[in-house]
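Comments concern the structure below.
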Amino acid sequence: MRKTATKQSGKIPAQPGPREVTSVQPVPSDAESVIPGAGPSTRPGERPTVRLRDAGPDDAPRYAPEWLELREGPDAAARAGDLLDPLRIRLANLPGKAGLVIHDLGCGTGSMGRWLASRLDGPQHWILHDRDPYLLHFAAVASPRSAADGSRVTVETRRGDVGLLTPDALAGASLVTASALLDVLTREEIDTLAAACTGAGCPALLTLSVAGRVELTPSDPLDEEIADAFNAHQRRGGLLGPDAVNAACEAFSERGATVRLHPSAWHLGPAEAALTAQWLRGWVGAAVEERPELKERAERYLRDRLEACRAGELKVVVHHSDLLALSRPTGGAS
Ligand SMILES: C[S@@+](CC[C@H](N)C(=O)[O-])C[C@H]1O[C@@H](n2cnc3c(N)ncnc32)[C@H](O)[C@@H]1O
């Protein structure tokens, strides 16, 4: 059985704030301030940005709510609003007017719902899926209450593996969404997901998949080596990491869906210093786990990068992609 995380904030922001703060966010300076699950790990096989310290060796990676909370504002600022108009047109043309049924796959603490529910009109029922019951609890407690036009939003949670989704599980669905999920799936799981969505005739808005490219300013000669090692780490165990978006485009297109891609990069500056620091620790930690020979140089690199981050002198662009797949309707959606 999985153990529960030892450190919980219990605080999930109701709505991510705009990115207009210009002061430098405080950055923890000591190792103990690292969020469980967001810092480098020392045990082989663990994935530094995600595994909680007290998870067992056979448990699936778990995500610290504090990490998800830190990224919620930059995620909201990054998601591609341009994909919403074609989605709204599709949703407006659905047969029946009973309201939208939206499945959020790998919902974590529910950040996608807090972003999207208030951007769509009409009553909505959200079905939040995750394999982690602890995160599902957070998601249910902090779920959105109203749509763009003030209509009611209701939620239910479903614990399970989204890699096993079937068209039946999506019967009556108006939309499938996910955020920061595709890159932690395998090709088979993405094929299964695409088959479920297209089989149910349901559009899918799949946001914030890592693209495998980062830009740090000022640059450092080690940037590229760390990035390559991190990308290799993301592909461990058959996971797709930066290859996920292309795999998803292929999987949906092969099944007759029309696919649109849009960039959705994080732009991290002094106002996001706390997130940048945690991201750096996880990014460098994974690179060293993948290529232990980098350790000494990477430690120096991380120290310098954290120092620049603390001083408000570091800018980071982490590239992501958002994908909208419009499946051929099957007539089954509500
Ligand atoms: C990076 S987090 C993103 C969470 C949330 N969507 C967000 O944007 O904040 C990935 C989430 O997917 C869930 N997850 C990963 N693989 C899964 C699977 N095969 N089945 C169900 N949930 C999964 C994890 O538990 C975690 O909550």
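The values are calculated or read from the model by the stated rules, or taken from the named source; none is laboratory data. Since we're looking at a predicted model, the values are computed, not measured. In this analysis, Cβ positions are derived from the backbone assuming ideal geometry, glycine residues included, and neighbour counts consider all displayed protein chains. Quick note on the areas: whole protein, heavy atoms, side chains included, nothing else; ligands and nucleic acids left out. Shrake-Rupley method; radii C 1.70, N 1.55, O 1.52, S 1.80 Å.
If the requirement is being of a type outside the set (Ser, Thr, Tyr), more than 14 Å from the ligand (Cβ to nearest atom) and touching a residue at least 12 places away in the same chain (Cβ under 8 Å), which of these qualifies: ALA142, ALA148?
Being of a type outside the set (Ser, Thr, Tyr), more than 14 Å from the ligand (Cβ to nearest atom) and touching a residue at least 12 places away in the same chain (Cβ under 8 Å) holds for just one of ALA142, ALA148, which is ALA148.
Just checking, which of THR276, THR258 is open to solvent by 30 Å² or more (accessible area, probe 1.4 Å) and polar (S, T, N, Q)?
THR258
Would you point out which residue out of PRO263, PRO218 is at pLDDT 95 or above, over 18 Å from the mean Cα position of the chain (by Cα) and either at positive phi or not hydroxyl-bearing (Ser, Thr, Tyr) (or both)? First the steps, then the outcome.
Working: PRO263 fails: over 18 Å from the mean Cα position of the chain (by Cα).
Exactly one residue qualifies, and that residue is PRO218.
If I filter the stretch 184-195 down to residues being open to solvent by 10 Å² or more (accessible area, probe 1.4 Å) and either more than 20 Å from PRO242 (Cβ to Cβ) or in a helix (DSSP H, G or I) (or both), which single residue comes out as farthest from the ligand (Cβ to nearest atom)?
Checked the stretch 184-195; the qualifying residue farthest from the ligand (Cβ to nearest atom) is ALA195.
Here are LEU175, LEU136: which of them is in contact (Cβ under 8 Å) with a residue 24 or more places away in the chain, within 20 Å of the chain's Cα centre (by Cα) and either within 12 Å of the ligand (Cβ to nearest atom) or surrounded by fewer than 18 Cβ atoms within 10 Å (Cβ to Cβ) (or both)?
LEU136
All but one of (1) crowded, with 20+ Cβ neighbours inside 10 Å; (2) assigned to a loop (DSSP other than H, G, I, E, B) hold for ALA148, so report the exception by its number.
Condition not satisfied by ALA148: (1).
Under 8 Å between Cβ atoms, at least 6 apart or on separate chains: pull out the pairs that start in the stretch 274-295 with a residue that is closer than 21 Å to GLU66 by Cβ and end on any residue that is polar (S, T, N, Q) and assigned to a helix (DSSP H, G or I).
As it stands, the answer is ALA286/GLN234, since those pairs meet every condition given.
Would the stretch 65-74 turn up any residue that is open to solvent by less than 60 Å² (accessible area, probe 1.4 Å), more than 25 Å from VAL259 (Cα to Cα) and basic (Lys, Arg)?
Checked against the condition, which is being open to solvent by less than 60 Å² (accessible area, probe 1.4 Å), more than 25 Å from VAL259 (Cα to Cα) and basic (Lys, Arg), the stretch 65-74 yields at least one hit.
Hey, any hits in the stretch 248-259 for a residue that's aliphatic (A, V, I, L, M) and in contact with a His (Cβ under 7 Å, 6 or more places away or on another chain)?
no
So if I check each of VAL153, VAL101, which one is within 16 Å of ALA204 (Cα to Cα), hydrophobic (A, V, I, L, M, F, W, C), outside any loop (DSSP other than H, G, I, E, B) and more than 16 Å from the ligand (Cβ to nearest atom)?
VAL101
Can you tell me how many residues in the stretch 158-172 are surrounded by 15 or more Cβ atoms within 10 Å (Cβ to Cβ) and near the ligand (Cβ under 8 Å from one of its atoms)?
The number of residues fulfilling the criteria is 2.
In the stretch 196-211, which residues are part of a helix (DSSP H, G or I), open to solvent by 10 Å² or more (accessible area, probe 1.4 Å) and in contact with a Pro (Cβ under 7 Å, 6 or more places away or on another chain)? Lay out the reasoning, then the answer.
Taking the stretch 196-211 and keeping what is part of a helix (DSSP H, G or I), we get 196-200.
Subset that is open to solvent by 10 Å² or more (accessible area, probe 1.4 Å): 198-200.
Result: GLY199, ALA200.
Failed condition for HIS125, given (1) touching a strand residue (DSSP E or B) at 6+ places or on another chain (Cβ under 8 Å); (2) in a loop (DSSP other than H, G, I, E, B); (3) open to solvent by 20 Å² or more (accessible area, probe 1.4 Å), with all others met?
It fails just one condition, (2).
Is it the case that GLU307 is of a type in the set (D, E, K, R) and surrounded by 15 or more Cβ atoms within 10 Å (Cβ to Cβ)?
Values: of a type in the set (D, E, K, R): yes; surrounded by 15 or more Cβ atoms within 10 Å (Cβ to Cβ): no.
No, not satisfied.
So which residues in the stretch 216-230 are out of contact with any Lys or Arg (no Cβ under 6 Å at 6 or more places or on another chain) and in a helix (DSSP H, G or I)?
ASP223, GLU224, GLU225, ILE226, ALA227, ASP228, PHE230
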